[in-house]
Amino acid sequence: MSTTNSPVRKPLAVKYPFVTESGQDYSDIDAPLNDLCAQSGGYYLLGANNYWHGGIHITDEKFAHHKDKYPVRCMMDGEVIAYRLNQQYPTQSWQANPQLPAKNIRYSNGFCLVRHKYTSQANPEEGAWNGKTNQLTFYSLYMH
């Protein structure tokens, strides 16, 4: 068996964009999912209304520690390719209950789009694929 001089790559370092109350990374999949599902809505894959919801909400209900102490972070190293920050928040009239007057609520339409690039380790097996790598480009979107 021959060896290649390709650099040894670290495994894909993907982390949750949020941490525990003590600032530690989650160590398994169950704990963050339980925290997300304990909120009143906006958890991946379905929202509280049982409709498709392709993201998560990180709210004060379970993640108040992110407000001041531990900022939300990117899931892995990448490059910011687009963003929008609100200088003034847009407002929308909203009426939760027909018996009550409508309220003007403020919301954010800010976002940050990050491009991630991953290259696998070189294939060590003999044959046509020896030394070849796989490359993957994907994006993560952080909103509001």
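Read-outs: derived from the displayed coordinates by stated rules, not from any lab. Every value quoted in this text rests on a predicted model; they were computed, and no experiment measured them. Neighbour counts are summed over all protein chains in view; Cβ atoms, including those assigned to glycine, are modelled from backbone coordinates with ideal geometry.
Looking at the calculated P(r) for the range 55-105, what percent of the C-alpha pair distances fall above 14 Å?
74 percent
Tell me, what ³J(HN,Hα) does each residue in the range 125-137 have, in order and in whole Hz, if you take phi through Karplus 6.51 cos²θ - 1.76 cosθ + 1.60 with θ = phi - 60° and put x for Gly and Pro?
Using θ = phi - 60°, the values come out as 6, 5, x, 5, 9, 4, x, 7, 10, 9, 10, 9, 10 Hz.
Using 1/(1 + (r/R0)^6) with R0 = 35 angstrom and r between the beta carbons of Asp30 and Leu136, what's the FRET efficiency to the nearest 0.05? Kindly include the intermediate steps, with their values, before the conclusion.
Values: r = 27 Å, r/R0 = 0.76.
So the FRET efficiency works out to roughly 0.85.
Note the full-extension length gain between Ala128 and Lys69 as 0.36 nm times their separation in residues minus their Cα-Cα distance, in nm to one decimal. Each step should come with its number before you reach the end.
Details: separation 59, 0.36 × 59 = 21.24 nm, distance 5.11 nm.
Extra length from Ala128 to Lys69 when fully extended: 16.1 nm.
Which FRET efficiency, nearest 0.05, do Ile105 and Asp77 yield, Cβ-Cβ r, R0 30 Å? Walk me through the numbers on the way to the answer.
Working: r = 36 Å, r/R0 = 1.18.
For R0 = 30 Å, the calculated efficiency reads 0.25.
Return the lysines within reach of Lys117: Cα separation strictly under 20 angstrom, same-chain partners fewer than 8 residues apart disregarded; answer none if there are no such residues.
Correct list for Lys117: Lys10, Lys15, Lys132.
How are the alpha carbon pair distances in the chain distributed across 10 Å bins from zero to the largest one, expressed in percent?
Percent of pairs per bin, in order: 9, 25, 31, 18, 10, 4, 2, 0.
Test of the criteria: in the range 58-135, which GluC sites (Glu not before Pro) are in a DSSP loop and have at most 15 other Cβ atoms within 10 angstrom of their Cβ?
Hits after loop and neighbour filter: Glu125, Glu126.
Could you derive backbone 3J(HN,Hα) for the range 22-33 from the dihedral phi with the Karplus parameters 6.51, -1.76 and 1.60 (θ = phi - 60°), listing whole Hz in sequence and x where the residue is Gly or Pro?
8, x, 8, 5, 5, 9, 8, 7, 5, 4, x, 5
Roughly how many debye, to the nearest 20, is the charge dipole of the chain about its Cα centre, given +1 on each Lys and Arg Cβ, -1 on each Asp and Glu Cβ, and no other charges?
The dipole of the chain has a size of about 540 debye.
No solvent, one uniform scatterer per C-alpha: report log10 I(q)/I(0) for the range 66-144 via the Debye equation at q = 0.11, 0.18, 0.20 1/Å, two decimals.
These q points yield log10 I(q)/I(0) values of -0.56, -0.90, -0.97.
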